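As structure tokens, the structure follows; a few thoughts come after it.
The values are calculated or read from the model by the stated rules, or taken from the named source; none is laboratory data. All of these numbers come straight from a predicted model, not from anything done at the bench. For neighbour counting, all protein chains shown are included, and Cβ atoms are generated from backbone atoms with ideal geometry for every residue, glycine included.
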Amino acid sequence: MAGFVESERDLGLIRLPRWGRVVQAADVVPWQVVDPDGRPVEPVQRFLRDFVAQGNRPGSVRSYAYVLLRWWRWLVAVGVDWDKATSSEVRDLVLWLGQAAKPRNSPRTTSIGTAGTVNPKSRKRYLGDQYEPRTVRHGNAVVRSFYQFWIELGGGPLVNPVVLDRGGRRPNAHHNPLEPFRAEGRLRYNPKVPKRKPREMPDERWNELFAALRSNRDRAILAVAVSNGARASELLGLRGVDLDWGEQLVRVFRKGTDAEQWLPASSEAFVWIRLYLAELGSLEQNEPLWWTLRRRDHGDGLRRQPMNYEALRAVFRRVNVLLGTNYSMHDLRHTAAIRMSRDEALSMRDVQTILGHVHLSTTADVYLVEDEAQVVRRVQQHLVDREQNAQQLPPPMAVGYDDGDLSVLFGGRSQ
């Protein structure tokens, strides 16, 4: 019986077409995937509508839309309809992403020499032009959920093309009939992700970064961030009413859950906020706390507008150029978490609460780490102690002498 022969694609020759795009829409689905004619892609639109109905936020909808746009472009490139896709298409896309360069709107200029390298000061890796393993894994998860949605509706392929690798085991083999069924197994074509340590900023580097800031607004934002590890999106959402001056607390709305939470901030952070507000002037209680000046095509010069993430990134770009580093806002979250986890007065449950992690294991696995510098110092001291102890021991006894006789002669054991 002749075996099934699958034709292999020459992945090196495949180029994704500029098919379709993701657009923002004034609709219940805030982000949509449209075809080259500007019409929403119906299978994706129905999936995203269901995704929004599950309570997911616009940022997640946008992320899923871009993943599905890349998947659609891949299907166009290989000539396969979306409802006829198999695991071969998923496997080939993973292989293609492993060797392809990410598309860029403009070529690299100053960053061409640092892409993919490690900064000697911050010891952080610069982003490269290749797709990261986490990006591929996220894409596989999104595509699998898309096809799972359509399989439940009775559409799409009969089998989800993003298959699970269960190692030959039957799923839910030891299932308790009183418990709900759960998904088992990992996605077969998920690349391995190296475990990375949290990006702690040493105190001397933090002092250099803070001294390089040019405004009280920037000093206030970074001082709050390094106090409690709040995310950039959470801090940028602060309003005047979200400040508790008496208790020195700031109220944030957590990313993902949108849950309200009051977080402590240092007295120094509130001093910088006070200095910033004195320069800003009047601020209504329900207005955004952080403002920036931007020039718009209105013929009236600079105009004040709420600060967004791109403006915050510009702050770090200026400082990084000055210091020769590549720090980001998320490094402050890591720094705050490491500082809190090493304080004996705080438990890991305290750190989990402040960081807003759902599971304690997330906090412990990521931030309960040893300081490498301290480990190196302890090992160096261990080597010095061994060398000193070796020098204090008497030389070994020559062959032919009795250990008991030497002990009587010298008043002790000769070892």
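Residue 227 - would you say it is surrounded by fewer than 16 Cβ atoms within 10 Å (Cβ to Cβ) and not assigned by TED's automatic domain parsing to the domain that holds residue 132? Considered against the rule, which asks whether it is surrounded by fewer than 16 Cβ atoms within 10 Å (Cβ to Cβ) and not assigned by TED's automatic domain parsing to the domain that holds residue 132, residue 227 comes out as no. Answer with yes or no whether residue 17 is part of a loop (DSSP other than H, G, I, E, B) and free of Cβ contacts under 8 Å to residues at least 60 places away in the same chain. Against the criterion (part of a loop (DSSP other than H, G, I, E, B) and free of Cβ contacts under 8 Å to residues at least 60 places away in the same chain), residue 17 does not qualify. Scan 40, 107, 30 and give me the residue that is surrounded by 15 or more Cβ atoms within 10 Å (Cβ to Cβ) and free of Cβ contacts under 8 Å to residues at least 24 places away in the same chain. That would be 40, the only listed residue that is surrounded by 15 or more Cβ atoms within 10 Å (Cβ to Cβ) and free of Cβ contacts under 8 Å to residues at least 24 places away in the same chain.
Mind checking which strands (runs of 3 or more DSSP E) fall wholly inside region 256-308 and carry at least 1 residues that are surrounded by 11 or more Cβ atoms within 10 Å (Cβ to Cβ), among the charged types (D, E, K, R) and at pLDDT below 95? Answer list for region 256-308: 291-295, 302-306. Here residue 99 clears all of (1) more than 25 Å from residue 61 (Cα to Cα); (2) polar (S, T, N, Q); (3) at pLDDT below 90 except the condition numbered (3). Within region 352-376, the residues that satisfy the criterion of being exposed (fewer than 15 other Cβ atoms within 10 Å of the Cβ), modelled with pLDDT of 70 or more, aliphatic (A, V, I, L, M) and more than 15 Å from residue 259 (Cα to Cα) are 360, 375, 376. In the set 89, 42, only one residue is closer than 24 Å to residue 192 by Cβ, assigned by TED's automatic domain parsing to the domain that holds residue 129 and not β-branched (Val, Ile, Thr); that residue is 89.
Being free of Cβ contacts under 8 Å to residues at least 12 places away in the same chain and either over 17 Å from residue 193 (Cα atoms) or crowded, with 16+ Cβ neighbours inside 10 Å (or both) is the filter here, so list the residues in region 121-144 that pass it. Spell out the reasoning first.
Filtering region 121-144 down to residues free of Cβ contacts under 8 Å to residues at least 12 places away in the same chain leaves 123, 125, 132.
Answer for region 121-144, where residues must be free of Cβ contacts under 8 Å to residues at least 12 places away in the same chain and either over 17 Å from residue 193 (Cα atoms) or crowded, with 16+ Cβ neighbours inside 10 Å (or both): just 123.
Scanning region 226-249 for residues that are closer than 20 Å to residue 311 by Cα, in contact with a Ser or Thr (Cβ under 9 Å, 6 or more places away or on another chain) and part of a helix (DSSP H, G or I) turns up 226, 232. Yes or no: residue 64 within 29 Å of residue 328 (Cβ to Cβ), touching a residue at least 60 places away in the same chain (Cβ under 8 Å) and of a type in the set (Phe, Trp, Tyr)? In short, yes.
Select, from 317, 251, the only residue that is under 26 Å from the mean Cα position of the chain (by Cα) and over 28 Å from residue 197 (Cα atoms).
251
For residue 113, are the conditions met, namely being within 17 Å of the chain's Cα centre (by Cα), closer than 30 Å to residue 317 by Cα and free of Cβ contacts under 8 Å to residues at least 40 places away in the same chain?
The answer is no for residue 113.
Inside region 96-133, residues that are under 20 Å from residue 326 (Cα atoms) and in a helix (DSSP H, G or I) make up a count of 4.
Condition check: at pLDDT 85 or above and more than 27 Å from residue 64 (Cβ to Cβ). Does residue 122 satisfy that? Answer is yes for this residue. Confirm whether residue 415 is modelled with pLDDT under 70 and either exposed (fewer than 10 other Cβ atoms within 10 Å of the Cβ) or not assigned by TED's automatic domain parsing to the domain that holds residue 225 (or both). In short, yes.
Within region 1-27, being at pLDDT below 85 and either β-branched (Val, Ile, Thr) or surrounded by 13 or more Cβ atoms within 10 Å (Cβ to Cβ) (or both) holds for one residue alone: 5.
Among the residues of region 302-328, write down those that are of a type in the set (Lys, Arg) and under 21 Å from residue 121 (Cα atoms).
Of all residues in region 302-328, those of a type in the set (Lys, Arg) come to 303-304, 313, 317-318.
Correct list: 313, 317, 318.
Candidates in region 148-158 are the residues that are touching a residue at least 60 places away in the same chain (Cβ under 8 Å) and in a helix (DSSP H, G or I); of these, the one that is nearest to residue 202 (Cα to Cα) is 149. Checked against (1) hydrophobic (A, V, I, L, M, F, W, C); (2) surrounded by 15 or more Cβ atoms within 10 Å (Cβ to Cβ); (3) under 28 Å from residue 57 (Cα atoms), residue 241 passes all but a single condition, namely (2).
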